[in-house]
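The numbers here are math on the coordinates, done by the rules we state, and not lab data. Predicted, not measured: the structure shown is a model, and the values here were computed from it. Glycine also receives a Cβ, built like all others from the backbone with ideal geometry; neighbour counts cover every protein chain displayed.
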Amino acid sequence: MTSRTCACAGCDSPTASRFARYCQRHKNHMVRHGHPEQRPVSSTELKPYLKTVETLRRRDPSAPLWPLLSSRWEAIAKAAESVANDSTHRPSREAAKLVLGIARDADAAKVVDTALACFMYREAQPNTFASENAFDFQMVRRVRNLAPTNRGQWVNPNTGKTHYAYPFISPRAMAVIAKTIRDNFSLPAFKLTRRLEAEKDAKAQERAAVSEAIDSLDITPKPKRITTLGAREVATREIEAKEISIP
Ligand SMILES: [Zn+2]
């Protein structure tokens, strides 16, 4: 029997089992990141998009949008309370417990901003995500990391850097949370992006109009204007002429 190799491009490792598509490493990655070739998305990558949302908040802090979106998250957390204890569906229970942990540790505004930033990031850089599923996993991980309660930490003795380890979330629970976040925040993020683009377009059009107006400005030198005589000067000269003509 010939041994099969991993289905990931460039990976020559044997598959994890006779029937598996991927090697053990890519299989593990699939379970943690939603796709065997999805790299984890860092908070640093998300920062510019988070900044955009935070800037919008600062510019119009009393806008009704912000409490409306916070209410959506608070409703998700409220619904999670009963699901966490009573649901017979295991992934839903796991998802609800995670939501409760996030709600306990993080401000609603922070959760909302992170979710919006994730969707904005995907729109701006779709190639960062290997699949829709991979995006869901990264988005949930970014939101989940707002809750430090359950994470473990360790310091790398070589670099002195602190690393955090978060508990494993099953792919099915991931799917439950991702769907909830998507249902509530993907459309607002999409519309915010459109609004920002329209603003950008308007500014670009104004710049183009100014640039065009500069191009069409007539800057060729004109011949000097011959100054016409003023009325008083004309009258004076007429008188002078008369005086001269007197014999
Ligand atoms: Zn592989």
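To the nearest ten degrees, helix 108-124 and the longest principal axis of the Cα atoms of the chain are 70 degrees apart.
Our coupling estimate for region 18-23, obtained by passing each phi through the Karplus curve with A = 6.51, B = -1.76, C = 1.60 and θ = phi - 60°, is 4, 9, 6, 8, 10, 6 Hz, Gly and Pro reported as x.
Tell me the angle of helix 171-215 to the major Cα principal axis of the chain, expressed in degrees between 0 and 90 and rounded to the nearest ten. With both axes taken from Cα atoms, the answer is about 10 degrees.
Pulled fully out, how much extra length does the chain show between Arg57 and Ser42, if you take 0.36 nm times their separation in residues and subtract their Cα-Cα distance?
Gain on stretching Arg57 to Ser42: 3.1 nm.
Only helices enter this figure: runs of n ≥ 4 DSSP H residues, each worth -39500 (n - 2.57), summed and divided by the residues of the chain, yield -21500 deg cm²/dmol at 222 nm to the nearest 500. Between Arg4 and Thr15, the built amide H atoms are under 5 Å apart, and every one of these is 5 or more places off in sequence or on another chain. 3J(HN,Hα) along region 26-33: 6, 5, 4, 5, 4, 5, 8, 10 Hz, from the Karplus curve 6.51 cos²θ - 1.76 cosθ + 1.60 with θ = phi - 60°, whole Hz, x for Gly and Pro. Here the Karplus relation 6.51 cos²θ - 1.76 cosθ + 1.60, evaluated at θ = phi - 60°, turns the backbone of region 125-132 into coupling constants of 10, x, 6, 5, 10, 5, 6, 4 Hz, with x for every Gly and Pro. Short to long, the 5 Å bins of the Cα pair-distance histogram for region 128-190 hold 4, 15, 21, 21, 15, 11, 7, 4, 1 percent of all pairs. Quick one: Debye curve from the alpha-carbon atoms of region 39-203 only, equal weights, vacuum; give me log10 I(q)/I(0) at q = 0.12, 0.13 Å⁻¹ to two decimals. Rounded to two decimals, the profile gives -0.56, -0.66. The slack between Asn145 and Ser216, meaning 0.36 nm per residue of separation minus the straight C-alpha distance, is 20.0 nm.
Taking a straight Cα-Cα cut-off under 21 Å and skipping sequence neighbours fewer than 8 places away in the same chain, the lysines within cross-link reach of Lys191 are Lys47, Lys51, Lys110, Lys179, Lys200, Lys203.
Given a Förster radius of 35 Å and the C-beta distance between Arg195 and Lys161 as r, what FRET efficiency does 1/(1 + (r/R0)^6) yield to the nearest 0.05? The formula returns an efficiency of 0.35 here. With everything on Cα atoms, drop me the angle between helix 43-59 and the longest principal axis of the chain, reported from 0 to 90° to the nearest 10. That helix lies at roughly 50 degrees to the long axis. Positive contributions from Lys and Arg (+1) and negative ones from Asp and Glu (-1), summed over other residues with Cβ under 15 Å from the Cβ of Cys8, come out at +4.
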